[in-house]
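Asker: After the structure tokens below, expect a handful of questions from me.
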Amino acid sequence: MADFLTDKPAQLNRALLIGVQTDDMTEGEGAELLSELKELVENLRITVTRTELINLRRPTPALLLGSGKAEELVALAKADGADVIVFDEALSPAQQRNWEELSGIAVIDRQEVILEIFADRAHTREAILQVALARMEYSLPRLTRAWTHLSRQRGKGAMGGEGETQLEQDRRIVRDRIAHLKSELANVVKQRDVQRRKRQRVPVPTCSIVGYTNAGKSTLLNTLTGAQVLAADKLFATLDPTTRQLVLRGNQKLLVTDTVGFIRRLPHGLVEAFKATLEEVIVAGFLVHVLDVTNPNVEHHHETTLSVLGELGAAEKTIVTVFNKIDAANPAMLQRARRLAPDALFVSAHPRAGLDTLESRCLELIAEAHADTELLVPHARYDVIARLYATGHVHSEEQEDGAVRLHGRFPPSQAAFFAPFVVK
């Protein structure tokens, strides 16, 4: 598990999971979240020995649950041979410490599980830095449970006197590390800005694929563009954004970016840490929101994605809602999806069902952003024709004496270049 929690066992193998159902949650929501937590924990290759759902009327500051229920759960964990207790609720540092003192075994929460999965799946330098930053910010207020040598003092030298505690030194080390990671991440963001500006010099329409984790976003990107992004049936299979070019009808090009999947109760620190990655969502021309039509919690997934987009400042963007995996859906699932999003498209990425409709919708959105124009280009200026094909879309091309007449559209940023050839 986490390398910053050095007093924990090197390997956690068996877990007891605790979820809660509170009065402000919808009926059955606690059970759904606990089931999702089970899948998250199993993604860390940890065996789940037992799941316990607790009806919580009023949280307690010391243990979240009542002391009697806490002792009962600790007894169950020990009887099962569990070496970690995992809470679906966020635990305060004090609650986490109290549970570990009561049980004598490691205690973590949903946020730490998600951080571990992200750490396991990060591959690019940017993603690794972002995960490291989120983990350090999570660990800072929890240092009192992370080391066992906190009471030691270090003297100031020959002048004597009590030096700073080991805990203070550890906090200073973590703060320095956080500052260093933020600096490194800022440099990576600058590099991404440079790369994005280079792409925008020859502007091509852009879209980002967003959605709940494991909805089939990477599979959709692979099928549309021929990319080879990892697409596995597990949560957070890919963390690193991948951009590929899709060539639509009429040689219209579209840059499509696959983004990290969202999840309910995504740690706020991760949303902040992954702002650089998710900038692709903010700058995209439009979004393709992918939902797994077969998932029983699809309504919650839809709501979660829109909520995270709101946090990113991207909620007002044009969104194409796409229900994926229709080849595995029954009529009741499809009817539920139509009620949730009446204007949605229905596709199946793997057998390519419905993708022509999605591509047509993309063309319509590009057309709405770029006005149709007629151009007359001399034969000597084939560079203009090439630029129109590269940056815009050509409806028709006719050869005339001494010139080529084209009907098409181009981005507003290219208006000055094409202005001399536009037919008034």
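Every number here is computed from the coordinates shown, using simple stated rules; none is lab data. Note that the structure is predicted; figures quoted are calculated from it, not measured. Because the Cβ atoms are built from the backbone with ideal geometry, glycine has one as well, and the counts that use them run over all protein chains shown.
Asker: Using only alpha carbon pairs under 8 Å that are at least six residues apart, calculate the relative contact order of region 283-339 and give it in whole percent.
Answerer: Relative contact order here is 51 percent.
Asker: OK, next. For region 282-385, list log₁₀ I(q)/I(0) at each q in 0.10, 0.11, 0.14 Å⁻¹, using the Debye formula over Cα point scatterers of equal strength and ignoring solvent, two decimals each.
Answerer: -0.40, -0.46, -0.65
Asker: For region 14-110, restrict the atom set to alpha-carbon positions and state the Rg and Dmax in Å.
Answerer: In order Rg, Dmax, the Cα atoms of region 14-110 give 12.4, 34 Å.
Asker: To the nearest 20 debye, what is the magnitude of the charge dipole of region 14-110 about its Cα centre, counting +1 on the Cβ of each Lys and Arg and -1 on the Cβ of each Asp and Glu?
Answerer: Computed charge dipole of region 14-110: roughly 340 debye.
Asker: Just subtract the alpha-carbon distance of residue 379 and residue 396 from 0.36 nm times their residue separation and send over the number in nm, one decimal.
Answerer: Using 0.36 nm per residue and subtracting the Cα-Cα distance, I get 4.5 nm.
Asker: Among rounded, prolate and oblate, which fits region 371-421 when a ≥ b ≥ c are the square roots of the eigenvalues of its C-alpha gyration tensor, a/c under 1.5 means rounded, and a/b larger than b/c means prolate?
Answerer: prolate
Asker: Taking 37 °C and 0.692 mPa s as the conditions, I'd like the Stokes-Einstein D for region 204-367 in µm²/s, using the Kirkwood hydrodynamic radius from alpha carbon pairs.
Answerer: Diffusion coefficient, whole number: 209 µm²/s.
Asker: Just to confirm my numbers, what's the Cα centroid distance between region 61-90 and region 374-402 in Å?
Answerer: Region 61-90 and region 374-402 have Cα centres spaced 71 Å from each other.
Asker: May I ask you to derive the FRET efficiency for residue 335 and residue 80 from their Cβ-Cβ distance with R0 = 35 Å, giving the value to the nearest 0.05?
Answerer: It comes out at approximately 0.25.
Asker: Which pairs in the list 182/217; 38/317; 217/253 are over 25 Å apart, alpha-carbon to alpha-carbon?
Answerer: Where the Cα-Cα span goes over 25 Å, the pairs concerned are 182/217; 38/317.
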